[in-house]
Amino acid sequence: AGAAAEARFISSAKGKGLFATKNIRKGETVFVEKPVVSSQFLWNALYNYRACDHCLRALETAEENAQRLLGKSSLVLPHPEQCSIRKDLHQQCPRCQVTYCSAECRQAALEQYHHVLCLGPSRDDPTHPLNKLQEAWRNMHYPPETSSIMLMARMVATIKQAKDKEWWIKTFSQFCNKTANEEEEIVHKLLGDKFKGQLELLRLLFTEALYDEHLSRWFTPEGFRSLFALVGTNGQGIGTSSLSQWVHACDALDLPMLQREELDAFIDQLYKDIEKESGEFLNCEGSGLYVLQSCCNHSCIPNAETSFPENNFLLHLTALEDIEAGEEICISYLDCCQRERSRHSRNKILRENYLFTCSCPKCLAQADDADLTSDEEEEGEGETDDAELEDEMTDV
């Protein structure tokens, strides 16, 4: 069967959009997409959220995952056979010891970018240029994380290793580009008020670690800013969790009513206890660049949503409504709570974080509403932090 969706150019103002090529039913998977490049967030990795260095599959068993998030090593999960983690398949890079979920991922990473980025015996050497770059990034970008300098490093390494460099350069250039002013806004958003000095420091460290004459433009101040903005604009959050995989598998078990109630109560309590201990940071988190998904425009009444049901970087786009052939497929960049707010509040968030004003049917219908936010909204106004921004997409 041909693809159910294709990207089309809409206008210079809107750029591209994604359109259905056939009728799609509510609940159907529109497509499953692998990122051209992805990377785990650096603080996430530092805090022992163990994920495959290539596909971000969680590497802990569900029980280990729950024990760490709870800070309680004695916890025992029922139905351990519902955990999908296969430790016998895990492999490490023999030179630098980063871990992969399988031989396939180790090989794929090596062939695409790891040959250039492998730290070998310098893995723990703070003076190694790549370690200096990562340390500088961590000091600028605290959790909740929304991006990673290593996504950019993998882009460079991919082109360095590629036989057909032009093909990759063209692939990366498909992602939406912004004007110089917009790029400044995005960089400012990611790095805060000190951004000019920080961006220059990052550029120098990036150059020291990765310079390549094929890509000399990416290492100039303008080119580096563009690359940074490209990742800031198009990076899609990825979240994986062996615990949530186990929960989904338990939900599907056919159990007698009493056992079902007991198991559900156990899981509810577990999540409450974990929230007390670890807050909202439940998943292995990173970000990736997806060619098709990045063409999806925003709507406050989306007809599709993304998720990561395979516990790795494979993105599933699922229809929330019936979608007719020729209709545009839209996702929401806002989470459920944000979507319920007034048009004014929604557009304030979209403007600040994605640099556009929404003109979806819901916003057009509310166009005559007063530009005031209600009092209760005013109270919540200051709380739209980057955690919510990670789009509900990262909820596995």
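The values are calculated or read from the model by the stated rules, or taken from the named source; none is laboratory data. Being a predicted model, the structure only gives us computed values, none of them experimental. Because the Cβ atoms are built from the backbone with ideal geometry, glycine has one as well, and the counts that use them run over all protein chains shown. Keep in mind that these areas ignore ligands, DNA and RNA; they rest on the heavy atoms of the full protein, side chains included. Shrake-Rupley method; radii C 1.70, N 1.55, O 1.52, S 1.80 Å.
Can you confirm whether ALA66 is more than 30 Å from ARG225 (Cβ to Cβ), in contact with a helix residue (DSSP H, G or I) (Cβ under 6 Å, 6 or more places away or on another chain), assigned to a helix (DSSP H, G or I) and touching a residue at least 24 places away in the same chain (Cβ under 8 Å)?
yes
Write out, first by first residue and then by second, each pair whose Cβ atoms fall under 8 Å of each other, whose residues are 6+ apart or on separate chains, and whose first residue, in segment 220-248, is farther than 30 Å from CYS83 by Cα while the second is open to solvent by less than 20 Å² (accessible area, probe 1.4 Å) and among the acidic types (Asp, Glu).
Note: pairs meeting the criteria are ARG225/GLU183; SER226/GLU183; PHE228/GLU183; ALA229/GLU183.
Of everything in segment 50-88, what is loosely packed, with under 13 Cβ neighbours inside 10 Å and either among the aliphatic types (A, V, I, L, M) or in contact with a Gly (Cβ under 7 Å, 6 or more places away or on another chain) (or both)? Give them in sequence order.
VAL76
Could you please find all residues in segment 90-105 being part of a helix (DSSP H, G or I) and open to solvent by 80 Å² or more (accessible area, probe 1.4 Å)?
GLU104
Of the conditions (1) assigned to a helix (DSSP H, G or I); (2) out of contact with any Ser or Thr (no Cβ under 7 Å at 6 or more places or on another chain); (3) of a type outside the set (Gly, Ala, Ser), MET150 satisfies every one except a single condition; which number is it?
Looking at each condition in turn, MET150 falls short on (2).
Working only within segment 162-191, note down all residues that are part of a helix (DSSP H, G or I) and open to solvent by less than 30 Å² (accessible area, probe 1.4 Å).
Residues satisfying the conditions are THR171, PHE172, GLU183, ILE186, VAL187, LEU190, LEU191.
Within segment 257-278, is there a residue that is outside any helix (DSSP H, G or I), of a type outside the set (Phe, Trp, Tyr) and surrounded by fewer than 20 Cβ atoms within 10 Å (Cβ to Cβ)?
Within segment 257-278, none of the residues are outside any helix (DSSP H, G or I), of a type outside the set (Phe, Trp, Tyr) and surrounded by fewer than 20 Cβ atoms within 10 Å (Cβ to Cβ).
Considering only residues that are out of contact with any helix residue (DSSP H, G or I) (no Cβ under 8 Å at 6 or more places or on another chain) and of a type outside the set (S, T, N, Q), look in segment 195-222 and name the one that is surrounded by the fewest Cβ atoms within 10 Å (Cβ to Cβ).
Checking each candidate, the answer is GLU213.
Working only within segment 1-39, note down all residues that are out of contact with any Phe, Trp or Tyr (no Cβ under 7 Å at 6 or more places or on another chain), more than 27 Å from ASN312 (Cβ to Cβ) and open to solvent by 80 Å² or more (accessible area, probe 1.4 Å).
Within segment 1-39, PHE9, SER12, ALA13, LYS14, LYS22, ASN23 qualify.
Quick one: how many residues across segment 43-63 are among the polar types (S, T, N, Q), touching a residue at least 40 places away in the same chain (Cβ under 8 Å) and under 25 Å from SER148 (Cβ atoms)?
1
Looking only at segment 202-232, how many residues end up being among the aromatic types (Phe, Trp, Tyr), over 20 Å from GLN161 (Cβ atoms) and touching a Phe, Trp or Tyr at 6+ places or on another chain (Cβ under 7 Å)?
Residues flagged as among the aromatic types (Phe, Trp, Tyr), over 20 Å from GLN161 (Cβ atoms) and touching a Phe, Trp or Tyr at 6+ places or on another chain (Cβ under 7 Å) within segment 202-232 amount to 1.
Working carefully through the options ILE159, ILE186, find the one that is out of contact with any Pro (no Cβ under 9 Å at 6 or more places or on another chain), of a type in the set (A, V, I, L, M) and modelled with pLDDT under 90.
After applying the criteria, what remains is ILE186.
Would you be able to tell me the number of residues in segment 321-361 that are among the aliphatic types (A, V, I, L, M), assigned to a loop (DSSP other than H, G, I, E, B) and crowded, with 16+ Cβ neighbours inside 10 Å?
2
Sort out which residues of segment 11-42 are part of a strand (DSSP E or B) and without any contact (Cβ under 8 Å) to a residue 24 or more places away in the chain, and write them in order of number.
Hit for segment 11-42 is SER11, nothing else.
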